[in-house]
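Nothing in this text is a laboratory measurement; each read-out follows from the coordinates by a stated rule. Remember, predicted model here, so these are calculated numbers, not experimental data. Note: ideal-geometry Cβ built from the backbone for every residue, glycine included; neighbour counts use all protein chains shown.
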Amino acid sequence: FAVAFVGLVIGFINGFILGYGMYTQYLADFDFRFIIPWKMLAIFTFVTVLLSIIAAILPARRASKIPPSEALRYTG
């Protein structure tokens, strides 16, 4: 979960910086505006967090069914 959240934040920051940089470099002379779609970002954030939680729950449930002595046994 934490790795997904950090990746999400880094991706948003890089996306804003690169998007604004490309806007000022190539589209500032035209009739375009740099708009941040906050609603879509909220949806993407929710879906990313939800999927990362689901992806973390499945292996955790499987690992919780293994006895500790079995999990700590040396396998060679």
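Just a few scattered comments:
- Of all the options F30, F44, F16, the one that moves most in a Gaussian network model of the chain with Cα springs shorter than 10 angstrom is F30.
- Between the residues L27, I54, L41, the greatest Cα displacement towards the positive end of the dipole of the chain, with unit charges on the Cβ of Lys, Arg, Asp and Glu, is found for I54.
- The region of the chain that goes longest without hitting one of the trypsin sites (Lys or Arg not before Pro) in a DSSP loop, each with at most 12 other Cβ atoms within 10 Å, is 1-32.
- Against the empirical curve 2.2 N^0.38 Å, the C-alpha radius of gyration of the chain lands at a ratio of 1.83.
- Rounded to the nearest 20 debye, the dipole size of the chain about its Cα centre is 500 debye, using +1 on the Cβ of Lys and Arg and -1 on the Cβ of Asp and Glu.
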